[in-house]
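The values are calculated or read from the model by the stated rules, or taken from the named source; none is laboratory data. Not measured: the values here are computed from a predicted model. Quick reminder, even Gly has a Cβ in these numbers, built from the backbone with ideal geometry, and neighbours come from all protein chains shown.
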Amino acid sequence: MSDDRDAARAPELVSEDELARAAGVPRQVIVRLVRLGIIEPAAPATYPRAAARRVRRAFRLRRELAVGLAGVAVILDLLDRLERLEIELARTRDG
């Protein structure tokens, strides 16, 4: 039974090419974002499908606010932290 639950919680993994297609960017962009630490592979050249959202957010910050990639990394990390805190707060209120 726990194997079923673990599989349900495990993120779906995709290749670099699949991530690039899902995010709407060239594969070279994925490689650069990894090098800069903006996204991290789950295993060599394999990424959680959710990384596509992070890539799209990164390019929206660059396009709409003209934020440099170093700033993008900081903003995305803060947004991730805020999201985790909101989830924790909701659990605290519900529990």
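Of the residues in region 19-28, how many are under 14 Å from residue 53 (Cα atoms) and surrounded by fewer than 17 Cβ atoms within 10 Å (Cβ to Cβ)? Counting residues in region 19-28 that are under 14 Å from residue 53 (Cα atoms) and surrounded by fewer than 17 Cβ atoms within 10 Å (Cβ to Cβ) gives 2.
Of a type in the set (D, E, K, R), part of a helix (DSSP H, G or I) and modelled with pLDDT of 95 or more: is that true of residue 21 in this structure?
yes
Contact annotation: residue pairs with Cβ atoms under 7 Å, 6 or more positions apart or on different chains, pairing a residue in region 66-80 that is part of a helix (DSSP H, G or I) with a partner that is of a type in the set (Lys, Arg), are 72/62; 76/54; 76/57. Listed by first and then second residue, the pairs linking a residue in region 26-38 that is outside any loop (DSSP other than H, G, I, E, B) to a residue that is surrounded by 13 or more Cβ atoms within 10 Å (Cβ to Cβ) and among the hydrophobic types (A, V, I, L, M, F, W, C), with Cβ atoms under 6 Å apart and 6 or more places separating them unless they lie on different chains, are 27/20; 30/19; 30/20; 33/39. Within this structure, residue 39 passes the test of being surrounded by 13 or more Cβ atoms within 10 Å (Cβ to Cβ), of a type in the set (A, V, I, L, M), closer than 21 Å to residue 83 by Cβ and touching a strand residue (DSSP E or B) at 6+ places or on another chain (Cβ under 9 Å). Of all residues in region 84-95, those satisfying the criterion of being over 26 Å from residue 40 (Cα atoms) and surrounded by 10 or more Cβ atoms within 10 Å (Cβ to Cβ) are 89, 90. Of all residues in region 58-83 being at pLDDT below 95, farther than 15 Å from residue 32 by Cβ and basic (Lys, Arg), which is surrounded by the most Cβ atoms within 10 Å (Cβ to Cβ)? In this case the residue turns out to be 60.
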